[in-house]
Protein chains: 2
Amino acid sequence: MELFGGYVFLRILVIYYALKYCKNMPVYIEPRLLKGFRDFLPNAEIIRRNLTENIENTFRSFGFVPIDTPAIEYAEILLGKGGGETEKQIYRFKDNGDRDVALRFDLTVPFARYVALHRNELSFPFKRYHIGKVWRGENAQRGRYREFTQCDFDIIGSDSAAADFEILFLIRTVLLNLGLDVSIHVNHRGLFNRFLASISLSEKSADILRAVDKLSKTGEEETYKNLCELAGDTNAKKILDFINAKGSFTEVLNRIIELSGGTSPESQRLLSLRDFMLKACDSEDGKNTDPFILNPSITRGLDYYTGVVFETFLNELPDIGSICSGGRYDNLAGLYSKDKESISGVGSSVGLDRLLAALENLNKLPAANKCITAIACCDVEKSGDYQVLAQKLRLSGIPCEVFLEEDKQMVKQFISAEKKGMRYVIISGELQNDKITLRDLKARKNIELSFEDVIKRIK
Amino acid sequence: MELFGGYVFLRILVIYYALKYCKNMPVYIEPRLLKGFRDFLPNAEIIRRNLTENIENTFRSFGFVPIDTPAIEYAEILLGKGGGETEKQIYRFKDNGDRDVALRFDLTVPFARYVALHRNELSFPFKRYHIGKVWRGENAQRGRYREFTQCDFDIIGSDSAAADFEILFLIRTVLLNLGLDVSIHVNHRGLFNRFLASISLSEKSADILRAVDKLSKTGEEETYKNLCELAGDTNAKKILDFINAKGSFTEVLNRIIELSGGTSPESQRLLSLRDFMLKACDSEDGKNTDPFILNPSITRGLDYYTGVVFETFLNELPDIGSICSGGRYDNLAGLYSKDKESISGVGSSVGLDRLLAALENLNKLPAANKCITAIACCDVEKSGDYQVLAQKLRLSGIPCEVFLEEDKQMVKQFISAEKKGMRYVIISGELQNDKITLRDLKARKNIELSFEDVIKRIK
């Protein structure tokens, strides 16, 4: 009986502690990521940051300025006019105050809202860029990410051909500064519509532009079939004739002017652009090829474009698709503005993930800008001295890591430095007789140098 | 009758279009932000970026590397052990796949999960920094933001005093590089606990440390009252005696060694740190004051600290509170790891919003690094030539904006350049006889210079 009683007591005790434990303190939670989301390890993150820094520097050199907007906004604002795909993909939820909110799924809609809200605080023409994360519940199976970084740049408040040209020229400079040779395929939606009007197809313009936009994906045969359904056999052939115009910029321009019923403000715009392009590329003494191609088959799927549209291809890797696309639109902030005066603009977006993949493929990733020098830890008591020497190097512009764990076997410290991609290890972490012993991990030898010579060598 | 019929037809027509319009196309959506969220206008965004760039450069110069993690994770992971405040404040929702997810509310929990997941891909000691947005549904009335940027830096996988010191020295260097003189108040929780054990209060340690942590907010009287409740009158006085120890680092250290029952590994750690501090600050030839203060009243509220803890105050603006706090912890990734070997570390977090406010207050915001040169648009047809000249300046390291809208009244272009905070406007946007006419907006005069002299002048 006593034994039984003791057993009961033990059981109660075990249950009591088990309950307490389970309730207050999970023992183990499996570390895992949501599908479509990524961690960035240091090397990948350094590369990503170098890339955006490089791109930002080019934007800034053109006088473009950065902005930022919240990740979370009222769902009403982000959904705007709505639309099937967006509504299916957006992360939408009720916040703690029961507000209907969502995560931004692009940077265009927040920019429209931003311009409407801050119109009086901005000066126009307004040239801005915005690099930020966006979230889409895309089907992750298709190799798409649900969180990715977008990079948008626009000039708003100017209708001028100079603005169209600046965006095109900026795209080219951004990519040239990354060591990439590009072809920018340009077209004018207005001119395309003029041509469609001349064959009485204005009303079907949106559908036809969308069908043509898919040309590069689906091929000519499929496009022809679609166009036949939309516009009949004869017109489909005429449209193919229009979008297939080939030759130099001027030859193609002359051909599509002819097909669209003679010169027009739209053809005039393309002519001005051509003029600017020639000037800008001529001045480079043939160092770089003229990147501008007039391609009447470029239409862009999105409805809001009204003028010039463009896509950008890498000459060394065209199959990866357009890495920078955009165009001119008429009324950016209309939906969020009571003001009758509309704000038109021209803008573009770089696909950073695609660009990174291309740079990696071409072995042109921007140099990793890493810390390549370490001070070995021979005596942990001397960590103060090590920091003193390291700080001197840092002040001379040389990043320097101090190793924190003592290891008398110098080779182990060399190995961990090599694993981090370093080149130099300072062995004597103090100045002795004004000399420093430096290990060159690549040359696999030790050198004794003065502080000044260490600086010179590492730089 | 015919009139009436026509009227009915008109009514139907109006209703039909009104319905169609309302359904498909909202006419106007009020542009507004959620409470606690912010847009960043260009000037504010440039300042923010300069600040983080400056801080990042210091991290990188110490060999710290950046990482990134997703904004969205499984709620289970982010909530971890749970806890009242976190659960109330976290943005938690069901995603489109009905998964229970949440937005990260700090960078510590994702880092713990990251280390558990990538343990084998990292090399230890691992020195990382992470700058990223976090979201908390805080009461926005208190002037808190619901979206803000955190900046964390840690060394994990080293128990060494050298690691503690490096974090302290890094904090000091980060802030010195921003032109800020600081005092870093350091304490050791283990030593505090040793003292509590000596007066038989080990079991109430967590509550007492939390009560002491509030000292600077609530004042000594209130703290005394709280301590009396927790530990009785006599002990409360002893605790106040301990936390009020004043004097030089060494004097305070001797006093708290005495109060905690003699030397111990913990007092030894503080002694090593002091040794490193003296070396590092001595070497600066008295240029900067020794920033390290041993302050036994610093305890940090959070439970997970086990060793050194610290807070950082600006000497010119101490009342703004600690702008960089942290400490040593024992087992970072334990909750997400089946591995028995725990990873200890030491780390800290900079409050960027508070730091920005302080820099603004002290008129020490990092220089805005703006584009200060524009090319006026006298003839929009010459936009190609303007870009040619601008590109030459950009290649010489001078950011240059091209104005896009023609205005014969040069003064209007000067005004818009001034509004943008620019200094120079190039009036003749082409090289004529190799001369350029430059308007110095500050000096209010035009100067004719060669291209080379323009570069020199602007630089």
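The values are calculated or read from the model by the stated rules, or taken from the named source; none is laboratory data. In this text, all values refer to a predicted model and were calculated from it rather than measured experimentally. Please note: Cβ atoms are built from the backbone with ideal geometry, for glycine as well, and neighbour counts cover all protein chains shown. Side chains included, ligands, DNA and RNA excluded: accessible areas come from the protein's heavy atoms. Shrake-Rupley method; radii C 1.70, N 1.55, O 1.52, S 1.80 Å.
Odds and ends about this structure:
- Fraction of beta bridges assigned by DSSP in segment A:310-426 that are antiparallel (%, nearest 5): 65
- Site-free segments of chain B were taken between GluC sites (Glu not before Pro) in DSSP loops having at most 16 other Cβ atoms within 10 Å, sites themselves excluded; the longest one is B:1-283.
- Net charge of the neighbourhood of A:Ala236, taken over other residues with C-beta under 13 Å away and scored Lys/Arg +1, Asp/Glu -1, is -3.
- Of the solvent-accessible surface of segment B:166-323, computed with a 1.4 Å probe over protein heavy atoms with every protein chain present, carbon and sulfur atoms account for 48 percent.
- Placing a label point 7 Å from Cα along the Cα-to-Cβ direction at B:Asn363 gives distances to the equivalent points in the other copies of 5.5 nm, listed shortest first.
- DSSP bridge pairs, chain B: antiparallel proportion in percent, nearest 5: 85
- MRE, 222 nm, helices only [DSSP H, n ≥ 4, -39500 (n - 2.57), over the protein assembly as shown, to nearest 500]: -13000 deg cm²/dmol
- Between 0 and 90 degrees, the angle of helix A:2-24 with respect to the longest Cα principal axis of chain A falls at about 40 degrees.
- Taking 21 Å as the limit for the C-alpha separation, the pairs A:Lys204/A:Lys237; B:Lys392/B:Lys442; B:Lys382/B:Lys435; A:Lys127/A:Lys338; A:Lys370/B:Lys279 exceed it in the case of B:Lys392/B:Lys442; A:Lys127/A:Lys338; A:Lys370/B:Lys279.
- Put a dot 7 Å past the Cα of A:Leu176, heading toward its Cβ, do the same for B:Asp453, and the two dots end up 2.8 nm apart.
- Sites matching chymotrypsin sites (Phe, Trp or Tyr not before Pro) across segment B:358-458 that sit in DSSP coil, with at most 12 neighbouring C-beta atoms within 10 Å: none
- For A:Ile427 and A:Val27, the difference between the fully extended length at 0.36 nm per residue and the C-alpha to C-alpha distance is 139.6 nm.
- Percent of C-alpha pairs per 5 Å bin, segment A:230-299, short to long: 3, 15, 21, 23, 15, 11, 6, 3, 2, 1
- The Cα atoms of segment A:363-410 give a gyration tensor whose axes a ≥ b ≥ c have a/c of 1.5 or more with a/b no greater than b/c, which makes the shape oblate.
- Percent of beta bridges antiparallel (DSSP, the protein assembly as shown, rounded to nearest 5): 85
- Relative to the Cα centre, the charge distribution of segment A:367-459, modelled as +1 at Lys and Arg Cβ and -1 at Asp and Glu Cβ, gives a dipole magnitude of about 580 debye.
- R0 of 30 Å, Cβ-Cβ distance A:Asp241-A:Glu316: FRET efficiency to nearest 0.05: 0.45
- Mean projected area (nm²) of the alpha-carbon convex hull when segment B:320-459 is viewed from all directions: 14.7
- Here the protein assembly as shown yields Rg over Rh of 1.02, to two decimals, using C-alpha coordinates and the Kirkwood radius.
- Spin-label model distance (nm) - A:Lys217 vs A:Lys338, 7 Å beyond Cα toward Cβ: 4.1
- Estimated from the Cβ-Cβ distance and a Förster radius of 25 angstrom, the FRET efficiency linking A:Arg444 and B:Ser123 is about 0.75.
- Gyration tensor verdict on chain A (Cα atoms; rounded if a/c is under 1.5, prolate if a/b is larger than b/c, oblate otherwise): oblate
- Buried surface between chains B and A: roughly 9200 Å² of accessible area, summed over both sides, computed with a 1.4 Å probe on protein heavy atoms only.
- For segment B:169-314, convex hull of alpha carbons as volume per residue, Å³: 109
- Closest-to-axis residue of chain A (Cβ criterion, axis taking A to B), whole Å: A:Phe93, 2
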